[in-house]
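What follows is a short report on a single structure.
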Amino acid sequence: MTSDDVAGGLLDQLNYVGGSDGAILPPEFAFALDFDSARAWPDLPYDTASPVSRYPLESRPQILLILEEAANLFRSRAPKAWIFVNRELEGAMIRRSSAVNGASSSSNRELVGTCLLTNLDLSPDPAVFICAEALVHEAIHQHLYRIELQKGPFCDLDDAGRYRSPWSGNRIPLHSLIHASLVWFGVLSLWCQLARSCANENEALSVRSRVAPTLFGFAFIRQIVDSPAFPRGSVAPKIVELIGHIANVATAAQPPRDERAALGDFLQRSEKGEWVTSLVSGLEHVERSWHA
């Protein structure tokens, strides 16, 4: 399994709150877009190599526009995430399928460096936000895969158990749950960064709707890893410790428990956006206290 020194560097890579710190921002996506290859993706309900999974030429400008809007969003409002995505992704396969319900994204440790974006145009939420989240989500998977290739896996990849994900509700393999705990921390930091510059209330509401289920997951992940049924011996000890530590972010935006008047005040301040400040402080505290 991976060595203890790996966990210490993960938080530094997975927090996208803040500016670019003077780094030169890529002018456009550095990774290749694949609309037409015959590459087959493992473990999917559809065939990525099939011609029917390819967008027709007349539909591709809409997809390219979504990607361009996501690039502009990253550059102007989430530069740290923009740098990370361009560093970790080598290619993105763009496909469509009626076998997948709405927009989705995928990564696979057999195809390190490549992500799959399916039905990018079918999101009920603003497509630019879904695209940005998907790219960060999958770029983090690539980062974790590369660490595991170099330093050893975070857990026993042959573990046959299935564990309830507090983010999706699905039962997933052990290695997927470990990755999810780290990926959703990075995604939460992306949403916190975007929440600092919402253009209007509709956008703020959309961001809040993405943050809430992510925080909900962190409120329960520690219970899962502390459960007697969880195979702690099959996970690198420092990775288990890191997951328990980042779960503390779930308390960052909780209301006070003492007085009813204080609760009302808290809710009023949260409606005005103070939850963003609380969460950003929580993310910073989680990272800072890990290194203390």
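Worth a mention:
- Across the range 76-87, coupling constants 3J(HN,Hα) worked out from phi with the 6.51/-1.76/1.60 Karplus curve, θ = phi - 60°, read 8, 10, 9, x, 5, 5, 4, 5, 5, 4, 5, 6 Hz, and Gly and Pro carry x.
- Structure-based [θ]222 nm, the chain - -39500 (n - 2.57) summed over DSSP H runs of at least 4, per residue, nearest 500: -17500 deg cm²/dmol
- Between Met93 and Asp34, Cys115, Leu116, Leu117, the built amide H atoms are under 5 Å apart, and every one of these is 5 or more places off in sequence or on another chain.
- Calculated diffusion of the range 5-291, Stokes-Einstein form, Kirkwood radius summed over Cα pairs, 25 °C and 0.890 mPa s, µm²/s: 123 µm²/s
- Ranked from largest, the principal axis spans of the Cα set of the range 1-60 equal 44, 37, 16 Å.
- HN-Hα J in Hz across the range 184-201 - Karplus 6.51, -1.76, 1.60, θ = phi - 60°, x for Gly and Pro: 6, 5, x, 5, 4, 5, 4, 5, 5, 5, 5, 5, 6, 9, 4, 7, 7, 5
- Comparing Leu64, Leu174, Leu117 in a Gaussian network model of the chain (Cα springs below 10 Å), the most mobile by mean-square fluctuation is Leu64.
- The range 17-156: mean projected area of Cα convex hull, nm²: 9.4 nm²
- Normalised contact order of the range 53-193, rounded percent, pairs of Cα under 8 Å and 6 or more residues apart: 21 percent
- Relative contact order of the range 5-291: 17 percent, from C-alpha pairs under 8 Å at least 6 residues apart in sequence.
- Taking amide H positions as modeled 1.01 Å from N, with prolines and chain starts lacking one, the residues under 5 Å from Arg164 and 5 or more places away or on another chain are Ile172.
Only the coordinates and a few stated rules stand behind these numbers; no lab work does. Because the structure is a prediction, the values reported are computed rather than measured.
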